[in-house]
Structures are given as C-alpha cells and as structure tokens.
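Worksheet for the structure shown next.
Every number here is computed from the coordinates shown, using simple stated rules; none is lab data. Here the structure is a predicted model, which means the values were calculated and not measured. With ideal geometry, Cβ positions are generated from the backbone for all residues, glycine too; neighbour counts draw on all protein chains shown.
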Amino acid sequence: MAIRIVLADDHVLVRQGLKSLLEREGFQVVAEASDGQEACGHVRSLQPDIAVMDISMPNLTGLNAAREMSRCSPKTKIILLTQHDEGQYIREALEAGAQGYVLKNQVASDLLLAIRQVSRGQVYVSPGVSSAVMEAHQSKSEKSENPLTSRERQVLQLVAEGKSTKGVASLLGISVKTAESHRTRLMQKLDIHETASLVRYAVRHGIVQA
C-alpha cells in the first residue's frame, strides 16, 4: 500500500514540484495545503502516514502545525522542509514532534530518503547539519527559552502577521474574548506592551519572516 502524504507549502510552484516528485516515486499525495492551519485540518480528517511541510508558512508555521498534528494525529510522522540549518530550528523541530528535517536546497535527493526512513520509525536530518543535530538532542531535555504555550504561539504569529483580534478569533475558532485573553497573557509573559515590539520578537525568533 502506498504511503499517504499531506503536503504543505505556501508556494504553489514548489508544492506542485514536490507533488510530482512524490507521485513519480509511488507515494500518494492525499491532500495539499497552503498554510499550517489548512494542513492541520487535512491531517486531522485524513490521518495520513506522513505530513511534509515547509517551516515558514502563514497563519500557522510548520513548527506550530507540527505541535497540533502530534496531538490530533499521533500516528502521522512529520517531516519539515526548511532553508534553516541552525541548531535552534532543529531543536524546536524535534521538540514539536518532527521526525524529519530536510534542507530545501537538497530536497530532491533528501526528501525521498527522509520519507522512507521516517515511515520505518527512524529520525532523518539532511547531511551537513549533524553538529547542530547533536546540539539539538543535547538541549532537548533543557527547559525551552520560549515561555509561551502552543496556542499563545499561534496567536503571536497571527498578530505579527497583522491580524486583528477578531481575525485571530475567526482563524483559530475561538471567541474574541478568548483571543484577547491569549494576547494579553502572552504580552505579559514576554514583558512586551505594544504590537510593534511583538512583531520584532516574532521576527527575531523565526515565528514570522521580516
């Protein structure tokens, strides 16, 4: 039986290229998504074998989406695609529940191998980031520097992308009052008291792109 995959990337051409690659190799792409929230919806309803996602996506980053997927579909293995080879991103990916970490500049050769290894229960990372991976594993048990909950990280991303409180509530399926509560709490935790500073924090920590 073919391995069932949900594919998520906000760039249509990249997504189409990846889909063609995967289907030529006999994998079944059961759904595509252009952002992390859409990807979570597909994973929740389809329960695929593997989710392949870009890290940098609107509405919900690949890291935040991975956290959601680990809860709603624990049997789904997660592979993150990225341009980042820094230890910080790899550590966060492992903490978020990802089993694969593939650099985009090597995706054609790496992704197929990553899917096959991850489907067998192994962890796969692209060559060239082994030292960062070691640092990530060593740091995995350490307390995260990010004090925010998964929901607060989602709210932070949406606020940094320019969404209003009403827009955040609509996208996350929560009340406006709850969205405002999350926003207030995360600002208190970060000791940040204005939206511009929130945006700078989100950019600095890779939650959104400048």
Placing each pseudo-label 7 Å from Cα in the direction of the beta carbon, GLU23 and HIS205 end up separated by a distance in nanometres of 3.9
Contour minus Cα-Cα distance for GLN88 and GLN188 (0.36 nm per residue):
33.6 nm
If you put +1 on each Lys and Arg Cβ and -1 on each Asp and Glu Cβ, how big is the dipole of region 1-68 around its Cα centre, in Debye rounded to 20?
140
Using the Cα centre as the reference, give the magnitude of the dipole from point charges on the C-beta atoms of region 4-139 (Lys, Arg: +1; Asp, Glu: -1; all else neutral), rounded to the nearest 20 debye.
480
Going by C-beta contacts inside 10 Å, put LEU21, LEU60 in order with the fewest on the left.
LEU21, LEU60
Go ahead and estimate [θ] at 222 nm for the chain from helices alone: -39,500 (n - 2.57) per DSSP H run with n ≥ 4, summed, over the residue count, rounded to 500.
-16000 deg cm²/dmol
Projecting the Cα atoms of LEU63, GLN47, VAL30 onto the charge dipole of region 2-74, where Lys and Arg contribute +1 and Asp and Glu -1 at Cβ, the residue farthest towards the positive end is GLN47
Among the Cα-Cα pairs of the chain, the proportion with separation greater than 26 Å, in percent, is 33
Counting other C-beta atoms within 10 Å, which of MET69, MET187, MET1, MET57 has the fewest, and how do the rest follow?
MET1, MET187, MET57, MET69
